[in-house]
Structures are given as C-alpha cells and as structure tokens.
Amino acid sequence: KKVNVAIVGATGMVGRTFLKILQERDFPIENLYLLASKKSAGDVVNFNGKDYIIEELTENSFDKDIDIALFSAGGEISKKFAPIAKEKGVIVVDNSSMWRMYDDVPLVVPEVNPEDVKKHNGIIANPNCSTIQAVVPLKTLHDKFGIKRIVYSTYQAVSGSGVKGIADLKEGIKGNENKLYPHPIAYNALPHIDVFMDNGYTKEEMKMIDETKKILNDHTIKITATTVRVPVMYAHSESVNIEFEKEFDVKEIFDTLNTTDGIIVVDDPKNNQYPLALDAEGKDEVFVGRIRRDFSVDNGINMWVVADNIRKGAATNTVQIAELLLKYNLV
Ligand code: 2RA
C-alpha cells in the first residue's frame, strides 16, 4: 500500500535526513509534499530521482490528501501546525518536544514500545535523541532484571544543535559565532544543553528522566541525569549506570544485549574495542560496550552507549514509527 507523506521542516538537518532514510528504506510513498519556511519555498529537492518543489508551510498545507506528516521544525511550528494537520485526518509524527508528555500522545521507540502507536490520537511523538539510544538497551534489561535506578551522564554531539552547532565547532576555539552556547564549544565541555529549570537541572536532563519513565511505562524507576555538550560532530555517547532489583552475572547482561534487535555490542577493552562516536556516525544501531559490574551497589552495572543522534536519534526512529503505522494498518 502506498501513502501520501508530507515533511514539515524539509530543509533542516533532520528534515533532509528524513528524505535520505525514506529512500534507503524504500518507504512506499505515493505523493510527497515538502513544507518549509517562506524563505525555502521554491527550492528544488530531488527524491528518488524526481524533483520536488518546496512549498511554504501554511494553515492550508494539509488540505490536500496527506496520510502521514513527519515534523522536524521546532516546538513552535509543531504547536501551531500539528493540531491543524490532525484535524484534517493526518497522522503526525513529531520530532519536537512539544507533545511528548501529553497523555494521549504515544512516545515511541519501535524496538521498545511499538504497540503504543496504536493508542495515537492523531499525534505520535519521537523522543529526544539522547533518550532513544538509552531506552533500547534499558528495555531489554528492565524486562529481565527489573531496573530500580538509572544514572545518566551524556557526552552529546554539536549536531544536536543543528547546522549552527556544527558551524560553531568548525570555528575552533572562538566557536561561538551563532551564540548557540554561552561559551565556545571547541576544546571545551558544556554542562548546559537547552535551558536551566528552577530545580537546577536543564530541560535536556529532565527530558531524559521524564521520557525514559514514559517509554518504559514505569514511573517507579529512580532516574537522574547530567547532559553535557562536547566537541563531537555526530553521535551522542552516554555513560549509563543501572541498579537492578534482581541478581545477575555480567555474562547474562552481555548475552541479553547481544541478542536484542537494534543493538550491536562492542566490548573487548583488551583490544581497545568499545563504542565510538566516529564508528556510530551514519549507522542506525545503538552500540553498547564497557559493560561491567558496579561494585559500589548490590546489583549494579555500568555501560557505554553510543548512537548517531540525527539518524537513530531522530530521522530513522521517526521513519520506523511511520513503518509501524503501515504494519498495524493504522494508515
Ligand atoms: C541536543 N538532544 O542534542 C538535543 C536536541 N537535539 O541538542
């Protein structure tokens, strides 16, 4: 069955990657509509050997027959246009954080909670990139050993801030041209992603905490997070410390992860083998390594989790959600 797809934010880094992933996965598209801001309207984009003209996003953009709209144009655009699309019967898969915590909006990672898409009420939210890569290994371990507590420490690529983040890093030591960050990012590490909340945490840290509980559907798990921007172009790296209810041996953890869809275990420290951002860039899997017991608690482990934040962290996960809509005959 072929469907009509609209892309909102078609010229952004994630928007352009949507097109790449749709093509790579041969997603069955009947008609494609590329929507972006007025300044991009008229630009030509080639998809599957055919040229498409970018149209300005307006209230009338969804009057035509569209089945699915993939959004990656920031929270304000999603806030205004996702409800308009929904009213016209379009199923929206939104990358912004705008709708993620609404009760009637499923927050989905296809390897973790695919069935949740069936509960959609017109909008499905794509989780934050740093959450997506973490919950893929966490889900399989939670099912088997019961997670009590998680401590996240992340090392996030500048592409999480889009093309301007990349430009600032390329600027080198004075990299602050786009005033994205309060300090230069080159040769630096900024414990400041998104804005600070009254509780002393950043929005990025609260996203990881809140979204993990919603996706794993378990609000009893204790979670804390520190998210840091580092001078890496693509792929987020994360130290994930977990305390389990049940006893385990490390080989069980290793074997469980090694047999989980979407995970590649890279864990041979004696031969300098562990997940690296440069290896994960351009891939869709979540890479897990440095798996070792945390001797400071009864049933704890540490692990190192790396994934491409633009692909699995955003565009590929979104297209996989769209594939679920077809699989479950929801569109
Ligand atoms: C970041 N996770 O890395 C956020 C949004 N992409 O900036």
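If you go through the stretch 153-205 and keep only what is surrounded by fewer than 15 Cβ atoms within 10 Å (Cβ to Cβ), aliphatic (A, V, I, L, M) and in a loop (DSSP other than H, G, I, E, B), you end up with ALA189, VAL195, MET197.
Here SER130 meets each of (1) within 12 Å of the ligand (Cβ to nearest atom); (2) over 19 Å from VAL112 (Cβ atoms) with one exception, condition (2).
Among strands (runs of 3 or more DSSP E) entirely within the stretch 261-317, having at least 3 residues that are within 16 Å of the ligand (Cβ to nearest atom) and not acidic (Asp, Glu) singles out 300-307. Evaluation of LEU190 against the conditions (1) away from the ligand (no atom under 12 Å from the Cβ); (2) touching a strand residue (DSSP E or B) at 6+ places or on another chain (Cβ under 6 Å) shows that the sole unmet condition is (1).
All but one of (1) buried (at least 17 other Cβ atoms within 10 Å of the Cβ); (2) more than 14 Å from the ligand (Cβ to nearest atom); (3) among the polar types (S, T, N, Q); (4) not in a strand (DSSP E or B) hold for ASN241, so report the exception by its number. Failed condition: (4). Flag: VAL286 matches the condition of being within 30 Å of ALA167 (Cα to Cα), under 15 Å from the mean Cα position of the chain (by Cα) and surrounded by 14 or more Cβ atoms within 10 Å (Cβ to Cβ). Scoring ILE150 on the criteria (1) more than 16 Å from VAL306 (Cα to Cα); (2) within 11 Å of the ligand (Cβ to nearest atom); (3) of a type outside the set (Ser, Thr, Tyr); (4) not in a loop (DSSP other than H, G, I, E, B) leaves a single failure, condition (2). Among the candidates LYS39, LYS20, LYS1, the residue that is over 17 Å from PHE81 (Cα atoms) and at pLDDT below 95 is uniquely LYS1.
The set of residues in the stretch 211-220 that are surrounded by fewer than 19 Cβ atoms within 10 Å (Cβ to Cβ) and touching a residue at least 60 places away in the same chain (Cβ under 8 Å) comprises ASN217, ASP218.
Condition check ((1) closer than 25 Å to THR226 by Cβ; (2) acidic (Asp, Glu)) across all residues:
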{"position": "LEU107", "(1), (2)": "yes, no"}
{"position": "HIS120", "(1), (2)": "no, no"}
{"position": "GLY162", "(1), (2)": "yes, no"}
{"position": "GLU204", "(1), (2)": "yes, yes"}
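The values are calculated or read from the model by the stated rules, or taken from the named source; none is laboratory data. All values derive from a computational prediction rather than experimental measurement. All Cβ positions, even for glycine, are placed from backbone atoms using ideal geometry, and neighbour counts span all protein chains on display.
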